[in-house]
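The values are calculated or read from the model by the stated rules, or taken from the named source; none is laboratory data. From a predicted model like this one, the values you see are computed outputs, not experimental measurements. As a convention, Cβ positions derive from the backbone with ideal geometry for all residues, glycine included, and neighbour counts pool all protein chains shown.
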Amino acid sequence: MEHPSGMENEQGIYEWPRRLRFLPSGAGLMSPEMSRLRKNLSAGFYTLFFTGIAATQAGAKGVVLASTELPATGTIITWTKAAAMTGMALKVNSGSRETSGTLDQKQETAATTTILSADKVQFLATRKTTAGTIVIDGQERPSKQPEFLLKDIPVSLERKDGAWLKPTLESGEGLSEAQTKELLDQEAVRSFKEGLGIYGLGEHEAGEKWQIDVSKVLSFAGLDKPAGTISAEFVAIETISGTECATIKLTFDVTGTLIDDVKVHLQGESVTHRSIADRIDLDSKLTGKVDMTASPQPGTTVTVTGPIQTERTNTVKKP
């Protein structure tokens, strides 16, 4: 099983220049003053290269935004997410018949993650609710509540020799296939998966922009192994509720699949405040357009197109 937290040893996405160009020798450059200057500059560049710091301006601060290490043992992270799709265009094709309608849906989820040790975590899903309506051929139908197989059931994940083992219940029993799917769809699991692929293991600085290698992103906005483009901007370092955070803006145009083989095309942008000390998102807002295609039964295709908004808020309780 692909390990759910995505904390394998990926390479950082921030690459340093291979060559450093120093001042050339020549007429007017070999005075004692210029010789000392060249030595100082060379020593400075040498230090920058081997300490992994590439300052673009005086006082620039490089920070690491992702890590393979878990937060401190005893840390409890509470995750909440609200998603809304309103005024969505809906089409159903079944054989030679095509019907159309609209979809409005809101969903809220919540869960906690407890760090049990340097290589073990516990997930506890506490809320998953859906409300909305579907209108097809003028007939209104309420949205069905999704299954919630793991409500208030602790699930443990353990890492051994760098690899994550299959999730287990407190009794030591394994999860059913349906429970495993539900677990991997949890925001608390997906947020860990996203971090390394987006930020890598290298340092980033306020004002920096970079293109993300999507092939290294295991999960993005609920999509498994997305394809397409994602660009990032480290907008600023800000203090949010007393915590120093990196404000990150992502612009994306990606395709991928949801947990039930729903094909998705997502375009838009998001703004995230990520704790620099804990390397955890404290809040994030996403706005965009989504196209979803599913085949709920043979011979039937359902497509949904329209705007989407999501808001995530996470709190970190330290030991």
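Applying the set (1) buried (at least 16 other Cβ atoms within 10 Å of the Cβ); (2) under 26 Å from S100 (Cβ atoms) to Q297 leaves exactly one unmet item: (1). On the basis of being assigned to a strand (DSSP E or B) and either without any contact (Cβ under 8 Å) to a residue 60 or more places away in the chain or over 24 Å from I77 (Cβ atoms) (or both), does T313 make the cut? Criteria not met by T313.
When you check K317 against the structure, is it closer than 24 Å to I198 by Cα and modelled with pLDDT of 90 or more, yes or no? In short, no.
Please specify each residue of the range 262-314 satisfying the condition of being among the polar types (S, T, N, Q) and under 30 Å from T239 (Cβ atoms).
Of all residues in the range 262-314, those among the polar types (S, T, N, Q) come to 267, 270, 272, 275, 284, 287, 293, 295, 297, 300-301, 303, 305, 309-310, 313-314.
Selection gives S270, T272, S275, S284, T287, Q309, T310, T313, N314.
To keep it simple, each residue is scored yes or no on (1) surrounded by 16 or more Cβ atoms within 10 Å (Cβ to Cβ); (2) outside any loop (DSSP other than H, G, I, E, B).
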residue	(1), (2)
G207	no, no
G228	yes, yes
A232	yes, yes
I237	no, yes
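Pick from the range 78-120 the residues that are part of a loop (DSSP other than H, G, I, E, B) and of a type in the set (G, A, S): which of them is surrounded by the most Cβ atoms within 10 Å (Cβ to Cβ)? That would be A118. The set of residues from the range 88-115 being among the hydrophobic types (A, V, I, L, M, F, W, C), farther than 18 Å from K289 by Cβ and under 31 Å from the mean Cα position of the chain (by Cα) comprises A110, A111, I115. So which residues in the range 154-177 are under 24 Å from the mean Cα position of the chain (by Cα) and in a loop (DSSP other than H, G, I, E, B), if there are any at all? Within the range 154-177, P154, G162, L165, K166, P167 meet the criteria. Residues that are surrounded by fewer than 15 Cβ atoms within 10 Å (Cβ to Cβ) and touching a Leu at 6+ places or on another chain (Cβ under 7 Å) within the range 210-226 comprise just one, K225.
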